[in-house]
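A.B. asks: Mind having a look at this structure? Questions to follow.
The values are calculated or read from the model by the stated rules, or taken from the named source; none is laboratory data. From a predicted model like this one, the values you see are computed outputs, not experimental measurements. Heads up, the Cβs are rebuilt from the backbone with ideal geometry, glycines too, and the neighbour counts pull from every protein chain shown.
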Amino acid sequence: MSAPHTEDHSALPGPLAGLRVLELADAKGQFCGKLMADLGADVLKIEPPGGQHTRLVGPFLDDIPHRERSLFFWHYNTSKRGLTLNLEHPDGQALFRRLVSTADIVLETFPPGYLATLGLGYDALAPLNPRLIMCSLTPFGQTGPWRDFVSSDLLQLAAGGQMSCCGYDPEDVPDAPPIAPGGGNAWHIGSHFAYMAIMAAVYYRDMTGVGQYIDASIHEACALTTEAAGTTYIYTGKVVQRHTGRAASFDKSEPTQFMTKDGLWVNTTRTGFNLTPARLRRLATMMEQYGLAQDLLDEKYQNRATIQENLAHIAEVLEHFFTSVPQEDAWRAGQEQGLPWGGVRSMDEIIDDPHLHDRDFFTEVEHPELGRRFIYPGGAAIYNASPWRICRRAPLIGEHNVEIFCGELGLQREKLTLLAESGVI
Amino acid sequence: MTLNIRTPRGLEIAKRLAAMSDIVIENFSSRVMQKWGLGYAELRQLRPDMIYVSMAGFGHIGRNHHYTTMGPSAQALSGQTFLSGLPGQPPAGWGWSYLDDTGGMYGVMCALTALRHRNATGQGQHVDLSQMTMGITLTGAAFLDRTVNGRPARREGYPPGNRAVWPGAPLLNNYRGPTVAPHNAYRTQGGGYNDWCVIACFSDHEWQNLVGVMGSPTWATDAKFTTLSERIQHQEELDQGIEHWTQTLEKYALTETCQAAGVRAMAVQSAEDRVEHDPQLRARGFYAELDHPLLGRRKIQGIPFKLSRSPAEIYWPAPLIGQHTRAVLEELLGLSVQDIRDGYADGTLWPTGMPMYPYIEEALA
């Protein structure tokens, strides 16, 4: 292997070790904070006293709603430390300013202008820490006619163009609406770009010693993330049409998604894609093991032109093959012959994938207060010198108040009690 | 630039360029670069602090590393396709290669992250990114609902289209946010292909605001829509009532009217809408214009963040094939024009026998 794990790999610090992030982010930006935390940054998630509203989003552990049992919150807040702080209280603001002088990065998702009204905007914070990088990640950015619009994942996917690309061919589902894919991906897309912008600013700071302010727009991030839909319009003037389970296009493309014997689906390539005579023969040999190759082993197909002339027939044979074997067999059959097919998997299939086990993707995370351990999704990449890994579960509400406010900022325990009783923490 | 790495001279040029680069980033199938002698193990000998980002479908590590993906198959295998669609219908999936876009973004993220690590420690590294794997985490809390609660992913009423919960299905979260109603797409005036909007009310208060915007029609003031659980129970009727109203309005007018009242509503925008009609993107200057050497002045999609001190900028359009071959080889490697002409003739820099484009001929003159 080109990048083997070293024995003590998991004990190494992550690539962002040494960076401190103050996260004032809700659903819109907490994924950006998670990326930084899982990659080794010290991310302090600052919640209002009593916990952030994201803790009220389900699903919940064992379906028992509770601020400490939100799987939504758990997923997006791994490896962070948790503080509570009332930023609308002068004492809370004073503590926040002290934290800012210890921080490299502030990530916030409040409505534009909100922090400035509290005296906590970039202009007020930068003098405390000229090296500070502050990123405001908001639905539409800090300027423009929509800057104060209320939003949601669904709204961003409508505005950004995702929905206009996703849906069904009319013969599959007549009168289908444009579809917004699930999973909260508008927030993921925004968080990816915020992460990039922050890391670019960190690099600039490494070179120059100075921080800066970043105005990141989720709308623009989504508008950029529709691959060819934007350029198709810009260069051809055409608007794409939605197709079932494949790329939107202005023409009618051929289906690439087929049902398998077990009622699941596979997503394949256009029939002619990469279909050399040698590959077709290997594919047909494999299909013949199921008795499903029909005439594809015939010598006449050992000719590129014949393959191209018979694509419709080959597609029929393949479709029959798909309906006759289980999903897992179908997509792996293509992969073993070098064709980039994929089963439309749900989590039910994904959690058993041995390849992901090989990559240590499934990460066991301890929840000591529950006496239980759960499996989380790990890093998308393996860094061979500095691991991407979840180092602890999401923080409990105010879990690290004592550690930070007393241990680091030197507050007396009695003072902490006073702050709690007066609604500051 | 263009380069035939399968020739000894091409391979040598690739190695010389790698040795003077901070970052090598590649998305060949796993083992291809190693076969050419350009794997991380080889290249780090030339430059120990090299950052080397590999972006293969399944990654370089793991028993199926030889599997390949394109956007749609990575989306299928990662669970992304499954979570898009209407219940009881085929998966709608993603209407473009979402994970190709996103794979590129992760490539940048990995490179910048490793750069930061190198700035802090002096150490380079290999980053083995897997396109398929990255999509799994992007299913949100779906993963933990399966591994922690043991909830089967394949279940009645899931995925619920644009709704937070499908009528009649169990009241389970769908990993997009809170379970609320209304939360759907609705037709707007004109009835065209993209004449749609979305509306979501996250609280009873927001629902009351929507009722007000709609002019408090009798149906909407019925007590059966007052609370969230009642709106979910009567969701079909609720959505019909709302759509009856949205069809009377043009989608941008509807957006403005709703937003002025604090109602979460937005036009479904096509690419044409974003480029021509979106006032926000216009105000932010998102579609600037650039001169393309062959196609003239064209709009180009911008950068979604503004850095106050070191703004990102699109300096020029994507290069033409081999547009900068001569410049790179001359400026970075000090090759003479004659060396470069030889490379074009002997198959190192251009396929033998293939006519060269006029701009390349000009560059070699």
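A.B. asks: Hey, could you check segment A:173-208 for residues that are more than 7 Å from every other protein chain (Cβ to nearest Cβ) and charged (D, E, K, R) and say which is surrounded by the most Cβ atoms within 10 Å (Cβ to Cβ)?
C.D. replies: A:R205
A.B. asks: Of B:R176, B:R151, which residue is buried (at least 24 other Cβ atoms within 10 Å of the Cβ) and not assigned by TED's automatic domain parsing to the domain that holds B:G88? Spell out the reasoning first.
C.D. replies: On the way: B:R151 fails: buried (at least 24 other Cβ atoms within 10 Å of the Cβ).
None of the other options fit; the residue is B:R176.
A.B. asks: Suppose we filter B:Q323, B:Q269, B:Q301, B:Q259 for residues that are out of contact with any helix residue (DSSP H, G or I) (no Cβ under 6 Å at 6 or more places or on another chain) and at the interface with chain A (Cβ under 8 Å from one of its Cβ atoms); which single one remains?
C.D. replies: Working: B:Q323 fails: at the interface with chain A (Cβ under 8 Å from one of its Cβ atoms); B:Q269 fails: out of contact with any helix residue (DSSP H, G or I) (no Cβ under 6 Å at 6 or more places or on another chain); B:Q301 fails: out of contact with any helix residue (DSSP H, G or I) (no Cβ under 6 Å at 6 or more places or on another chain).
Just one listed residue meets the conditions, B:Q259.
A.B. asks: Oh, and also: Of the conditions (1) surrounded by fewer than 21 Cβ atoms within 10 Å (Cβ to Cβ); (2) more than 16 Å from A:G14 (Cα to Cα); (3) hydrophobic (A, V, I, L, M, F, W, C), A:A385 satisfies every one except a single condition; which number is it?
C.D. replies: (2)
A.B. asks: Taking the stated definitions as given, is B:A164 assigned to a strand (DSSP E or B) and under 28 Å from the mean Cα position of the chain (by Cα)?
C.D. replies: Details: assigned to a strand (DSSP E or B): no; under 28 Å from the mean Cα position of the chain (by Cα): yes.
When the stated conditions are applied, B:A164 does not pass them.
A.B. asks: Of all the residues that make up segment A:59-95, how many are buried (at least 22 other Cβ atoms within 10 Å of the Cβ) and not in a strand (DSSP E or B)? Quick ask: steps written out before the conclusion?
C.D. replies: First pass over segment A:59-95, keeping only residues buried (at least 22 other Cβ atoms within 10 Å of the Cβ): A:59-60, A:70-80, A:82-85, A:92, A:95.
Now restrict to residues that are not in a strand (DSSP E or B): A:59, A:71-80, A:85, A:92, A:95.
Adding up the residues that qualify gives 14.
A.B. asks: Continuing with the same structure: Right, B:K15: of a type outside the set (A, V, I, L, M) and closer than 30 Å to A:A333 by Cβ or not? Let's see the steps before the verdict.
C.D. replies: Numbers: of a type outside the set (A, V, I, L, M): yes; closer than 30 Å to A:A333 by Cβ: no.
So B:K15 does not fit the description; no.
A.B. asks: Checking the structure you have, find out if any residue of segment A:18-27 is more than 17 Å from the chain's Cα centre (by Cα) and surrounded by fewer than 20 Cβ atoms within 10 Å (Cβ to Cβ).
C.D. replies: Scanning segment A:18-27 turns up at least one residue that is more than 17 Å from the chain's Cα centre (by Cα) and surrounded by fewer than 20 Cβ atoms within 10 Å (Cβ to Cβ).
A.B. asks: Can I ask one more? Could you go through segment B:58-73 and let me know if any residue there is at the interface with chain A (Cβ under 7 Å from one of its Cβ atoms), over 30 Å from B:A169 (Cβ atoms), part of a helix (DSSP H, G or I) and small (G, A, S).
C.D. replies: Let us first name the residues in segment B:58-73 that are at the interface with chain A (Cβ under 7 Å from one of its Cβ atoms), namely B:58-64, B:67-70, B:72-73.
Right, trim to over 30 Å from B:A169 (Cβ atoms) and you get B:58-64, B:67-70.
Imposing the further condition that a residue be part of a helix (DSSP H, G or I) reduces the set to none.
No, every residue in segment B:58-73 fails to be at the interface with chain A (Cβ under 7 Å from one of its Cβ atoms), over 30 Å from B:A169 (Cβ atoms), part of a helix (DSSP H, G or I) and small (G, A, S).
A.B. asks: Hey, another quick one. In the set A:A197, A:A229, A:A223, A:A186, which member is over 27 Å from B:L290 (Cα atoms) and in a helix (DSSP H, G or I)?
C.D. replies: Working: A:A197 fails: over 27 Å from B:L290 (Cα atoms); A:A229 fails: over 27 Å from B:L290 (Cα atoms); A:A223 fails: over 27 Å from B:L290 (Cα atoms).
Testing whether each residue is over 27 Å from B:L290 (Cα atoms) and in a helix (DSSP H, G or I) leaves just A:A186.
A.B. asks: Quick check on segment A:210-217. Is at least one of its residues outside the structural domain of A:H188 (by TED's automatic domain parsing), part of a loop (DSSP other than H, G, I, E, B), crowded, with 22+ Cβ neighbours inside 10 Å and touching a helix residue (DSSP H, G or I) at 6+ places or on another chain (Cβ under 6 Å)?
C.D. replies: So the first thing to find is which residues in segment A:210-217 are outside the structural domain of A:H188 (by TED's automatic domain parsing), and the list is none.
No, the conditions are met nowhere in segment A:210-217.
A.B. asks: Here's a follow-up. Within the set of pairs 6 or more residues apart or between chains, which connect a residue that is under 12 Å from B:R264 (Cβ atoms) inside segment B:205-222 to a residue that is aromatic (F, W, Y) with Cβ atoms less than 9 Å apart?
C.D. replies: Listed pairs, sorted by first residue: B:W207/B:F225; B:V213/B:W245.
A.B. asks: Another question, if that's okay. Taking segment B:74-111 only, how many residues are within 21 Å of B:A41 (Cα to Cα) and at the interface with chain A (Cβ under 7 Å from one of its Cβ atoms)? Talk me through it step by step, then tell me what you get.
C.D. replies: So the first thing to find is which residues in segment B:74-111 are within 21 Å of B:A41 (Cα to Cα), and the list is B:107, B:110-111.
Going one step further and asking which of them are at the interface with chain A (Cβ under 7 Å from one of its Cβ atoms), we end up with B:110.
Residues meeting the conditions: 1.
A.B. asks: Still on this structure, please answer the following. Give the number of residues within segment B:91-108 that are buried (at least 24 other Cβ atoms within 10 Å of the Cβ) and aliphatic (A, V, I, L, M). Before the answer, list the steps.
C.D. replies: Initial filter on segment B:91-108 (buried (at least 24 other Cβ atoms within 10 Å of the Cβ)): B:91-96, B:98-99, B:102-103, B:106.
Next, from what is left, pick out any that are aliphatic (A, V, I, L, M): B:92, B:99.
Adding up the residues that qualify gives 2.
A.B. asks: Another question, then. Can you name the residue in segment A:232-276 that is assigned to a loop (DSSP other than H, G, I, E, B), among the small types (G, A, S) and without any contact (Cβ under 8 Å) to a residue 24 or more places away in the chain and, of all such residues, is surrounded by the most Cβ atoms within 10 Å (Cβ to Cβ)?
C.D. replies: Initially, segment A:232-276 is screened for residues assigned to a loop (DSSP other than H, G, I, E, B), giving A:237-240, A:245, A:250-256, A:260-264, A:268-276.
Subsequent filtering for residues that are among the small types (G, A, S) retains A:237, A:245, A:253, A:263, A:272.
Within this subset, residues satisfying the condition of being without any contact (Cβ under 8 Å) to a residue 24 or more places away in the chain are A:237, A:253, A:263.
Values: A:G237: 9, A:S253: 14, A:G263: 9.
Residue satisfying both the conditions and the ranking: A:S253.
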